[in-house]
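Visitor: Sharing a structure here in structure tokens format.
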Amino acid sequence: MNTKLLREILSRYVSIDPNDDFGIEKCWKEMTNILSEDVSATSHFFENECSDEEFYWLGSIFEDIAEKTQSKKLIQVLRNRLARVTPETYCQQNFKTEHMQKLIDYAEYVRSIGMEIDYAEGKIDE
């Protein structure tokens, strides 16, 4: 998995104007393609390399990744990754983006990502 490219696209995504639907959709597709190529590499990324801030922003494409990969294992990896974020380890001041520093407290972080994981799980055919 090309982690460097993923992070470049993610950085572009985070800085896009929220009204730029075309730019957002383009970034989502590019990130989804990278994270759907190899479930094992993607799992490794989320387990070992993904920062809490990256995890939050990538939550917006969990559904797309799940739909494309149909991986129950990946859903479990996402749940395990979220469980590692605790009130003790969550540090809003360390985030790079102003949005995360000011608006996303621990409760909102967990609620938001938890919902994204639940939606993603719903995209897996039984």
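Here, each number is a calculation from the coordinates, and none is a lab measurement. The structure presented is a predicted model; accordingly, all values stated were derived computationally and were not measured. Positions of Cβ are backbone-derived with ideal geometry, glycine not excepted, and every protein chain shown enters the neighbour counts.
Visitor: Simple spin-label model, 7 Å along Cα-to-Cβ: GLU47 to ASP17 in nm?
Guide: 4.2
Visitor: Among (i) 1.10; (ii) 0.94; (iii) 1.26, find the value of Rg/Rh (Cα atoms, Kirkwood Rh) that was calculated from the structure presented, and write down its label.
Guide: (ii)
Visitor: If you don't mind, another one. Report, in debye and to the nearest 20, how large the dipole of the chain comes out about its Cα centre when Lys and Arg carry +1 and Asp and Glu carry -1 on their Cβ.
Guide: On the way: 15 positive and 25 negative charges, 62 e Å.
Charge dipole, the chain, about its Cα centre: 300 debye, nearest 20.
Visitor: Further, regarding this structure: Select from LEU74, ASN94, TYR109 the residue farthest towards the positive end of the dipole of region 3-121; place +1 on Cβ of Lys and Arg, -1 on Cβ of Asp and Glu, and compute about the Cα centre.
Guide: LEU74
Visitor: Additional query: Return, ordered by residue number, the residues of region 39-64 whose backbone nitrogen is under 17 Å from a label point located 7 Å along Cα→Cβ of ASN2.
Guide: 39, 41-42
Visitor: Quick one: of LYS29/LYS73; LYS68/LYS96; LYS72/LYS96; LYS4/LYS26; LYS29/LYS123; LYS4/LYS102, which pairs are farther than 20 Å apart, Cα to Cα?
Guide: Violating the 20 Å Cα-Cα cut-off are LYS29/LYS73; LYS68/LYS96; LYS72/LYS96; LYS4/LYS102.
Visitor: Could you check the spin-label model distance between ARG84 and LYS96? Points 7 Å from the Cα along Cα→Cβ, value in nm.
Guide: Label-label distance for ARG84 and LYS96, simple model: 1.8 nm.
Visitor: Quick one: Cα centre-to-centre distance for region 1-17 and region 41-111, in angstrom?
Guide: Distance between centres, Cα-based: 15 Å.
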